[in-house]
1. In Å and whole numbers, how far do the C-alpha atoms of the chain stretch along each principal axis, longest first?
2. What ranking do 21, 40, 210, 59 get, fewest neighbouring Cβ atoms within 10 angstrom at the top?
3. Can you pull out the GluC sites (Glu not before Pro) in region 150-249 whose DSSP state is coil and whose Cβ has at most 14 other Cβ atoms within 10 Å?
4. Could you tell me the extents of region 125-244's C-alpha atoms along the three principal axes, largest first, rounded to whole Å?
5. Give the order of 54, 164 when sorted by the count of other beta carbons within 10 angstrom, beginning with the fewest.
6. Taking the chain as the reference, fit the longest principal axis to its C-alpha atoms, fit the long axis of helix 182-191 to the helix C-alpha atoms, and give the angle between the two in degrees, 0 to 90, nearest 10.
7. Whole-Hz Karplus ³J(HN,Hα) for region 94-100, in order, using 6.51 cos²θ - 1.76 cosθ + 1.60 and θ = phi - 60°, x for Gly and Pro?
8. Please rank 52, 83, fewest neighbouring Cβ atoms within 10 Å first, as an exposure proxy.
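FYI, it's all coordinate maths here, none of it is from the lab. Note that this is a predicted model, so its numbers are computed, not measured. Cβ placement follows ideal geometry from the backbone for every residue including glycine, while neighbour counts extend to all protein chains displayed.
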Amino acid sequence: MDPSSDLGEVILVGGGPGDPDLLTVGGRRALREADVVLYDRLAPLASLAETRPDAVLVDVGKIPRGSQTPQSDINALLIEHARAGRRVVRFKGGDPFVFGRGSEEWLACAEAGVPVRVIPGVSSAIAGPELAGIPLTHRGLTQNFSVVSGHVGPNHPASTVNWDALARSSGTIVILMGVAHLAEICAGLVERGLDAHTPAAVVAKAALPDQLVLYSTVGSLPSLAEQAGIEPPALTVIGAVVGLRLTST
Ligand code: SAH
């Protein structure tokens, strides 16, 4: 007998940046068929209404002890439910493989012998700027973009980003998880050669009803964001493309 026949499966579903309309058709189907859904605050929570009435919904931001669930606990829960024969959806914001530790969840399942697959999602790194009227590339202006984690800034020894190269990359820079270190990041880029007048914007709560966009320059953006009381989730986009500010009027 196939020893895996009683196993359920884990599906890592990218939910997009927060608006249920930006969930893929495949992601929505997986959600509707799930026995168990493990979600966190960045997933489009309104889409949880799509789940079966008997589906078990677990907010992995809240269990088992307070605000921060260790990743190892989430991995263990995914494996435990799948081993009990359940269809498990790990419902995440944006795309599972853009930060957010989806690849760690995949590896943990694979190492445990649990079937796992991923349904890509619309990343906030791309949709966020787009919803603010900022294309990441534009013919004749910018031919490349980089998506960077700002959870540690350029002065932090744990940052593995080549900030010198980034400052001189001539492309668009998108910073996720960078609210706390925005001043250090912007100053660090300018110190490394980026023009302080380069257009820059913060897009907070992209795709959500209270989306907020601040347009500025890389030199002035941190103080503007602080004055506005910007809180996560928010992203920063830096580059000539920010100056385009596409609007429909
Ligand atoms: N996998 C996700 C990113 C996870 S890291 C994705 O592809 O979008 C978490 C960071 O994503 C946040 O700190 C923030 O920078 C960004 N983010 C996620 N949702 C967002 C939203 N609705 N608006 C703005 N930024 C968002």
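1. Sorted largest first, the three principal extents are 65, 44, 36 Å.
2. Working: 21 10, 40 19, 210 6, 59 15.
Ordered by Cβ neighbours within 10 Å, fewest first: 210, 21, 59, 40.
3. Working: sites: 184, 191, 226; in loops: none.
Of the GluC sites (Glu not before Pro), not one in the loops of region 150-249 has a Cβ with at most 14 other Cβ atoms within 10 Å.
4. For region 125-244, the Cα spread along each principal axis is 36, 33, 22 Å.
5. Values: 54 6, 164 14.
In increasing order of surrounding Cβ atoms, one gets 54, 164.
6. Helix 182-191 sits roughly 50 degrees off the main axis of the chain.
7. For region 94-100, the Karplus-derived couplings read x, 10, x, 9, 9, 6, x Hz, x marking Gly and Pro.
8. Details: 52 12, 83 15.
Listed from fewest to most nearby Cβ atoms, that is 52, 83.
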